[in-house]
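The values are calculated or read from the model by the stated rules, or taken from the named source; none is laboratory data. Here the structure is a predicted model, which means the values were calculated and not measured. Neighbour counts are summed over all protein chains in view; Cβ atoms, including those assigned to glycine, are modelled from backbone coordinates with ideal geometry. Note: areas computed on protein heavy atoms with side chains; ligands, DNA, RNA excluded. Shrake-Rupley method; radii C 1.70, N 1.55, O 1.52, S 1.80 Å.
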Amino acid sequence: IDYLSQGIDLSGIEVIENDLLFIARARLEVENQAKRLLEQGVETQNPTQVGTALQVFHNLGTLKDTIANVVDGYCTMLEENIKNALDIKVLTQPSQTVTRGGPGRAAMPTPGNTAAFRAALWTNMEKLMDQICAACGQVQHLQKVLAKKRDPVSHVCFIEEIVKDGQSDILYKFWTAVTQTLASQFQSATDSSMFLKQAFEGEYPKLLRLYNDLWKRLQQYSQSIQRNFNTSGTTDLFAELQQMEEDAQDIFMQKNEDYDPEKALKDSLQQYEAAYLSKSLSRLFDPINLVFPPGGRNPPSSDELDSIIKTIASELNVAAVDPDLSLAVAKNVAKTIQLYGVKSEQLLSTQGDASQVIGPLTEGQRRNVAVVNSLYKLHQAVLKVITSQSSFPAAAEQTVTTALKAVHDLMGSAVQPLLNSVGDSVEAIIITMHQEDFSGSLCSSGKPDVPCSLYMKELQGFIARVMSDYFRHFECFDFVFDNTEAMAQRAIELFIRNASLIRPLGEGGKMRLAADFAQMELAVAPLCRRVSDLGKSYRQLRSFRPLLFQTSEHIATSPALGEVIPFSIILQFLFTRAPPELKSPFQRAEWSIARYSQWLDDHPSEKDRLALIRGALEAYVQSVRTREGKEFAPVYPIMVQLLQKAMSALQ
């Protein structure tokens, strides 16, 4: 009938006047019935009813306009819902009846009534999320039916009818409208009411959780609607439809390159997040600024530190509703830890008295110990907080851990001056072994005269005193041992180095030196958890001692060579068995032993050390030839052989 009456003016033809009226009425009646059927079908999510109604509109040629009106209707309804949820007048009324305020009266919660206002607001927000979710579900359902339903005559899919004029899918259009409305309504509501603004900023994690829950529900609904349609029982309607080649997933299930629906939803929250994070940082910084007053001399007390840790834990716990918020708050926590480090560093004493090791603890040293202990407590406590966080994002954990590493480094640099002083003193004591006489022969009893040398007694006394006077006050035992064990390894290295340089070395001297080797283990014991933990240094100490009494040939074949004890040390030691004409490398260079020791520190590679030794051996050969000697010292060929072995091991 539409087709027949198109483009022709049929008015005034009396024969069909009544028919035209009837046709117009009938059309209206059909449209209204189809509208009711569509509303009912969408509301009860009945694809059969929706499909029938859409077929009617398709037949009437009004499918596209009808769909546009339905979607616009949902948008308008949600806009109303959002306005009502944020209506400050309703929220601040004790009863739900809105009375007109006097002219110019601002709506605000009465003092003491803020809690009721907040409770009403959050109830409204939860209701609003339900409304958004319901509307989305209905639009999604409509879109699914459109995507499946084809006209039985032309076999055109209904969705193509709508999309062909360059209209994107209806769910996308609806969602952009809703998210834009959310953003603009929230903006204007919080601009005009301080109370709303404070509620959303102060309790931002609550708001974010509501949004996250909404997003989760939308995705779950998408999955279930996908399943329901794929295994739909409404075969009567869909029998003639062929399944779409691939079920087009709706926007809640997939992220598009240029459009992220979740981001579109959360964009409206950005300003509240920024304000929340800025307040969170203030809450974290305040207790620290409080316990480090300008001009203060002491680190915070245990109670003060506890309050800082409680604040950190509380901020992280509240942010746990969302991984992105967790990461943002973790960055704030990292800044807090940095601030604590900076304030602590300002308390450290770096004057000369901080590194003295002669007398008892000075004031500066006492303060440094307190600062290191306080940094250690912070480090441990924060570590405990982040390990107790359930589902803490890896990136957030990494952020906090990096800040804690800086605290650990600061502890290290705080004790370094003291460690350097102790290390220097240990070296100075060990080098005094060259002032003692090791050239004596064995006494009649075959035992050394004294259990150990004087320098060893001094070393043992010094290390024991340093540990009890200085390091005992640190509460971070593992941290202290990590540092002092390195010092013990260095002490053993220096001891073996200097012992291998003693010249001349008599039989009695060997006995005393062997006793010193045994006593050395006792000397470094206070510096470590167990002496055997010192690894390679400990094995060197143990392996070198028996070599004192072995023949040079034996030494050259010792399995410890190269494996445990470097070749350069053994070669150095064999010089002591040579005549004075075969000069040690340092004697040839006319260096003091201290200078030679420094050279060895500056040249840790075996290659450099062996080259120096080779030079000394070559100089000896030259001197024998100059005086036209007939033979070399017996130890010389053994040393040359060892040197070649060492060089080939390097290859």
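Selection of the range 564-616 for residues being of a type in the set (Phe, Trp, Tyr), in contact with a Phe, Trp or Tyr (Cβ under 9 Å, 6 or more places away or on another chain) and either touching a residue at least 12 places away in the same chain (Cβ under 8 Å) or part of a helix (DSSP H, G or I) (or both) yields Phe573, Phe586, Tyr596, Trp599. Which residue is most open to solvent (accessible area, probe 1.4 Å), if the candidates are limited to the range 357-368 and must be touching an Asp or Glu at 6+ places or on another chain (Cβ under 9 Å) and not acidic (Asp, Glu)? Checked the range 357-368; the qualifying residue most open to solvent (accessible area, probe 1.4 Å) is Pro360. Looking only at the range 549-561, residues that are open to solvent by less than 40 Å² (accessible area, probe 1.4 Å) and either under 18 Å from Arg588 (Cα atoms) or within 53 Å of the chain's Cα centre (by Cα) (or both) come to 5 in all. Scanning the range 617-636 for residues being assigned to a helix (DSSP H, G or I) and open to solvent by less than 70 Å² (accessible area, probe 1.4 Å) gives a total of 8. The test for being closer than 30 Å to Asp482 by Cβ, of a type in the set (Ser, Thr, Tyr) and at pLDDT 95 or above holds for Ser597.
Taken as a whole, the structure places Ser543 among residues that are farther than 24 Å from Leu418 by Cα and without any contact (Cβ under 8 Å) to a residue 60 or more places away in the chain. The conditions of being open to solvent by less than 40 Å² (accessible area, probe 1.4 Å) and hydroxyl-bearing (Ser, Thr, Tyr) are not met by Ser532. Close contacts from the range 133-158, counting a first residue that is within 14 Å of Val50 (Cα to Cα) and assigned to a strand (DSSP E or B) and a second that is open to solvent by 20 Å² or more (accessible area, probe 1.4 Å) and not basic (Lys, Arg), with Cβ to Cβ under 8 Å and a gap of 6+ residues or different chains, come to Arg150/Val156; Arg150/Glu240; Arg150/Leu241; Arg150/Gln242.
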